[in-house]
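Only one structure is covered here, and it is reproduced in the block below.
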Amino acid sequence: MREVVVVGAGLAGVRAGESLRAQGFAGRLTVVSDERELPYDRPPLTKQLLSGTMTEADVRLAGAEDLGARWVRGTAAVGLDRERRRVRLADGAELPYDGVVLAPGAKARAWSGAVPRAGVLTVRGLDDVRRLRAEVDGGAREVVIVGAGFVGVELASSLSGLGVRVTLVEPFGRPLRALGGTVSGVVAEAAGRAGVVLRLGTGVRGFRDDGGRVVAVELVDGSVLPTPLVVVAIGMVPATDWLAESGLALPSGRIHCDERLFARSGGGSGAPDPRVVVAGDAACCDAVRAADGPVALEHWSNAAAQGELAARNLLAGPAAAEPYDHVPSFWTTAFGLRIKSVGLPGTGDRTVAEAGDPAGGAVLEAHYRDGRLVGAVSVEQGRLLSAYARRLRGERMIASGTEPSGT
Amino acid sequence: MKITVDHGLCDGLGQCALVAPEVFALDDEERLVVAPEAARGSAGKVAAAARACPVRAISVEGS
């Protein structure tokens, strides 16, 4: 293999590049990104960077400059021609490849209706955080955050820490609901203590503006929240539009890959392409499954591990490639709480609080499906999680027919 | 093998403890504790634990 193109310069793409070089790949490596930025790490953006405890220099991904790569920045990939083995770029250039790593990541999901021209933001990249911080520094003392998932809750925590009055609107009733009821409750309580106003169980009907600038949010229950600033945090959309003609399988817009991270063809055959591997937020991997099928992961640890293995498998070829064997894990901090998870919480049918004291802001909640452990979430009980990770590994080996070896 | 943890960088995120629990663990305060003597013979896992650290607080020399 002499030419490898990596599409995406986030964590998954950079880790793929590092892994290629670590495996001794000495050929030409090209990394394509639609952003002009140097590669950066995403978890600190909504927390330390927004809060001001880290600088932009602190969030750069170390090591990216040592890849010996040709960087194509600020130019989007617009097509993948697998027959001719070319990545097409927005400026008309074509990059030939022997192998390609697809790590395009995701974009913030936009509000589906009309929004005022100014004062309504989404947050996904470094530039978004700069814009949000500029609004706060420019005098915005109030914000309405729409959506209480990870990004919404992290922003609520950071912005309230900056002295901004935060209202958090969540139509589905609970913050971080994917993590289970007890954890959700602990987070809601901590948010309330920090002065965040929670509007749970009601959605947004629309926005009011004055001369193009947002002035209020209208809720479905009829109430009106005056505000100079809104952040819409309603999830992410995989950045895969450009692959529509590639012939790859794109269920729900994600790139479907087999257990070894080779992209599957669409149109029913599902045959993996030995020259195309996938990593990160845009991937939907057969090796990450709940009871009813593959689950997409949008976590740091998944992007890192998939980037590394995808590159290794691309060089090794399908016959020698290793399956993706990773216990999902996630962490965040919000309102002073350290929240961590292993496995796939939220895919179970029963949760059990197994340690801690929820009233005191600490809990370990295990998630079960048909009596088997599928995940665990910790608030301030992080020392317990590795034991749950070990149990999850054991469950998976039993499920796949191999007995745990105990090592 | 010499394992060094930069406790100024370490945030107690615990990703290393998921990868190599025999070497890395969190205490009750979610601070990292390391058992370097347990790393003998598991250089691969320790290296993977270092790569799993989001803040690159772990460095490993030798094997």
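At a glance:
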| read-out | value |
| --- | --- |
| Any hit, region A:352-368, residues being of a type in the set (D, E, K, R), more than 14 Å from chain B (Cβ to nearest Cβ), surrounded by 15 or more Cβ atoms within 10 Å (Cβ to Cβ) and assigned to a strand (DSSP E or B) | yes |
| Residue match in region A:338-351 (condition: charged (D, E, K, R) and either outside any strand (DSSP E or B) or more than 13 Å from every other protein chain (Cβ to nearest Cβ) (or both)) | yes |
| Tally of residues being surrounded by 14 or more Cβ atoms within 10 Å (Cβ to Cβ) and facing chain A (nearest Cβ under 9 Å) across region B:21-30 | 5 |
| Residue selected from region A:165-177 under the condition touching a residue at least 40 places away in the same chain (Cβ under 8 Å) and assigned to a loop (DSSP other than H, G, I, E, B), by the criterion farthest from A:His299 (Cα to Cα) | A:Pro171 |
| Residue within region B:48-62 that is surrounded by 15 or more Cβ atoms within 10 Å (Cβ to Cβ), of a type in the set (Ser, Thr, Tyr) and closer than 25 Å to A:Gly307 by Cα present | no |
| Residue within region A:304-315 that is open to solvent by less than 10 Å² (accessible area, probe 1.4 Å), more than 14 Å from chain B (Cβ to nearest Cβ) and part of a loop (DSSP other than H, G, I, E, B) present | no |
| Enumeration of residues in region A:137-160 that are buried (at least 18 other Cβ atoms within 10 Å of the Cβ), in a helix (DSSP H, G or I) and more than 19 Å from the chain's Cα centre (by Cα) | A:Leu159, A:Ser160 |
| One residue from A:Ala103, A:Ala64, A:Ala69 being within 24 Å of A:Val276 (Cα to Cα), within 14 Å of another protein chain (Cβ to nearest Cβ) and open to solvent by less than 30 Å² (accessible area, probe 1.4 Å) | A:Ala64 |
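The values are calculated or read from the model by the stated rules, or taken from the named source; none is laboratory data. None of the values given here were measured: they were computed from a predicted structure. Heads up, the Cβs are rebuilt from the backbone with ideal geometry, glycines too, and the neighbour counts pull from every protein chain shown. Note: areas computed on protein heavy atoms with side chains; ligands, DNA, RNA excluded. Shrake-Rupley method; radii C 1.70, N 1.55, O 1.52, S 1.80 Å.
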